[in-house]
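Colleague: Mind having a look at this structure? Questions to follow.
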Amino acid sequence: TVTFTKTMIPPTVPPTLSPTHTSTPTHTASPTPTPTATYTPSPTLTPSPSHTPQPTPIALVLDIPVGVEPQDIAAAGGFLWVAHADGSVQALTPEGAPLTTVQTAGGAVALTTDGSRLWVAHRNGTITEIDAGSGAVTNRWTLNCGACLVRGIHWDGQALWISNFAESTLNRLDPSQGAAQTFSAGADSPTTIASDASGILVLHQSLSAQSTVLTRHNRTTGEVLGSIRAAGFPTAVLGNGHNIWLAVRGEAVGTLALYDADTLSEIWHIEAAPINMLLLASGSLWSADFTNDTVTRRDPVSGAVLDVYPAGNLPQALAYDGGFLWVVNRRDNSLTRYWIGN
């Protein structure tokens, strides 16, 4: 069951972006009018027409400031959206300039989007929906998930999938109907969720030495269709319909492995710095390397390292907007931006 409430909450426009009023008084008895910001929708949420970056070699921009303890990032509605641990979700221009901040429930952990809607997952089982073009909070649901320790959320094209780490369950939420189903996660400690042509992929961060690190589920019934077992602590997963890339951290070193999406059999594995997130963009496989404070570009077929670039303190998440690659740096409350082309 799902408790459903619907709200319409306009975002708060930062004072520096508020309309200003300048006048030269000609009559000392006439008070200067005080401008009032309006939101119908906010004029600050207009895509910048100057977003025409030129294709140059990696143009690195470090230390674009965001809020405290950023958790995730998504490109949606012509803007960048960054979720923070306190539940605030910040909108930025395609170049990284701050626009507005939307206050949601606390404990935001992850974002997902269909391009026009943005969904925020909160640790306590609350799911907030934001109109990505205006910044308005349009829906909010509270999952009946017991202890609730939500760790991931994913839009698969038809429904939202949410992981409950504490109870080892998955929720499938239809945002158009507000109806949710609960399924077994198939293994302990589900976290990151992804999908491919064959189903839903769920990462499991069990502390057991040898355990199930990945399960695949039917999109409708939640049935477990297959699994991968490995030694170590899995940290990132990515699927594209043909292959699955899986990052695992061992006691001494991390590994990156490629699996066949149909059979879930391993094709290769290589040594790699511990990875927080994987992303395919501009023909390459990118990783956020959280112990090295770097971003690595790889050949997605062989895993060979093509380039390594500096990032901020503890790269947490990645997003791609069709030209720029964005990195969330969790410990120094910043973004790193690279121009990588289309």
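The values are calculated or read from the model by the stated rules, or taken from the named source; none is laboratory data. As the structure is a prediction and not an experimental result, all values here were calculated from the model. No Cβ is skipped: glycine too gets one built from the backbone with ideal geometry, and neighbour counts run over all protein chains shown. Quick note on the areas: whole protein, heavy atoms, side chains included, nothing else; ligands and nucleic acids left out. Shrake-Rupley method; radii C 1.70, N 1.55, O 1.52, S 1.80 Å.
Colleague: Please tell me if ASP321 is touching a residue at least 40 places away in the same chain (Cβ under 8 Å) and of a type in the set (D, E, K, R).
Modeller: The answer is yes for ASP321.
Colleague: Since TRP161 meets every condition but one in (1) of a type outside the set (A, V, I, L, M); (2) open to solvent by less than 60 Å² (accessible area, probe 1.4 Å); (3) modelled with pLDDT under 95, which condition does it not meet?
Modeller: For TRP161, the failing item is (3).
Colleague: Can you tell me which residues in region 218-244 are part of a strand (DSSP E or B), farther than 18 Å from SER206 by Cα, touching a Ser or Thr at 6+ places or on another chain (Cβ under 9 Å) and not aliphatic (A, V, I, L, M)? It would help to see each step written out before you state the result.
Modeller: Initially, region 218-244 is screened for residues part of a strand (DSSP E or B), giving 224-231, 233-239, 243-244.
From what is left, the residues that are farther than 18 Å from SER206 by Cα are 225, 238-239, 243-244.
Next, from what is left, pick out any that are touching a Ser or Thr at 6+ places or on another chain (Cβ under 9 Å): 225, 239.
Listed by number, the list holds a single entry, GLY239.
Colleague: Looking only at residues that are part of a loop (DSSP other than H, G, I, E, B) and not aliphatic (A, V, I, L, M) in region 164-174, which one is surrounded by the most Cβ atoms within 10 Å (Cβ to Cβ)?
Modeller: PHE165
Colleague: Would a scan of region 111-120 turn up a residue that is open to solvent by 10 Å² or more (accessible area, probe 1.4 Å) and either touching a Ser or Thr at 6+ places or on another chain (Cβ under 7 Å) or among the hydrophobic types (A, V, I, L, M, F, W, C) (or both)?
Modeller: First, pick out the residues of region 111-120 that are open to solvent by 10 Å² or more (accessible area, probe 1.4 Å): 111-117.
Pick out the ones that are also either touching a Ser or Thr at 6+ places or on another chain (Cβ under 7 Å) or among the hydrophobic types (A, V, I, L, M, F, W, C) (or both) and you get 111.
Checking region 111-120: at least one residue is open to solvent by 10 Å² or more (accessible area, probe 1.4 Å) and either touching a Ser or Thr at 6+ places or on another chain (Cβ under 7 Å) or among the hydrophobic types (A, V, I, L, M, F, W, C) (or both).
Colleague: I'd like to check something: does region 243-252 contain any residue that is of a type outside the set (Lys, Arg), at pLDDT below 95 and open to solvent by 40 Å² or more (accessible area, probe 1.4 Å)?
Modeller: yes
Colleague: For region 210-236: of the residues being out of contact with any Leu (no Cβ under 6 Å at 6 or more places or on another chain) and β-branched (Val, Ile, Thr), which is surrounded by the most Cβ atoms within 10 Å (Cβ to Cβ)?
Modeller: So the residue we want is VAL213.
Colleague: Select from region 175-209 the residues that are under 21 Å from THR235 (Cα atoms), in contact with a Gly (Cβ under 9 Å, 6 or more places away or on another chain) and open to solvent by 20 Å² or more (accessible area, probe 1.4 Å) and list them in ascending order.
Modeller: Result: SER184, GLY186, THR192, SER195, ALA209.
Colleague: Also, quick follow-up: If only one of SER302, SER265 is among the small types (Gly, Ala, Ser), over 30 Å from GLY323 (Cα atoms) and at pLDDT 95 or above, which one is it?
Modeller: That would be SER265, the only listed residue that is among the small types (Gly, Ala, Ser), over 30 Å from GLY323 (Cα atoms) and at pLDDT 95 or above.
Colleague: For region 79-153, which fully contained strands (runs of 3 or more DSSP E) count at least 1 residues that are closer than 24 Å to ARG172 by Cβ?
Modeller: Details: elements: 79-84, 88-92, 98-103, 108-113, 117-122, 126-131, 137-143.
Passing ranges, in order: 79-84, 88-92, 108-113, 117-122, 126-131, 137-143.
Colleague: Residue by residue through region 292-312, note down the ones that are at positive phi and open to solvent by less than 20 Å² (accessible area, probe 1.4 Å).
Modeller: GLY303
Colleague: Quick one: how many residues across region 254-274 are open to solvent by less than 10 Å² (accessible area, probe 1.4 Å) and small (Gly, Ala, Ser)?
Modeller: Number of matching residues: 4.
Colleague: Go through region 313-323 and report how many residues are open to solvent by less than 30 Å² (accessible area, probe 1.4 Å) and either of a type in the set (D, E, K, R) or at pLDDT 95 or above (or both).
Modeller: 5
The rows are residues; the columns are (1) without any contact (Cβ under 8 Å) to a residue 24 or more places away in the chain; (2) in a strand (DSSP E or B); (3) out of contact with any His (no Cβ under 8 Å at 6 or more places or on another chain).
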residue: ALA257; (1), (2), (3): no, yes, no
residue: ASP262; (1), (2), (3): no, no, yes
residue: ASN313; (1), (2), (3): yes, no, yes
residue: ALA317; (1), (2), (3): no, yes, yes
residue: TRP326; (1), (2), (3): no, yes, yes
residue: ARG331; (1), (2), (3): yes, no, yes
residue: THR336; (1), (2), (3): no, yes, yes
residue: GLY341; (1), (2), (3): no, no, yes
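Colleague: Using the structure shown, decide if ASP289 is open to solvent by 10 Å² or more (accessible area, probe 1.4 Å) and among the charged types (D, E, K, R).
Modeller: no
Colleague: State all residues of region 89-106 that are closer than 17 Å to VAL150 by Cβ and crowded, with 20+ Cβ neighbours inside 10 Å; if no residue qualifies, say none.
Modeller: The answer is VAL89, THR104.
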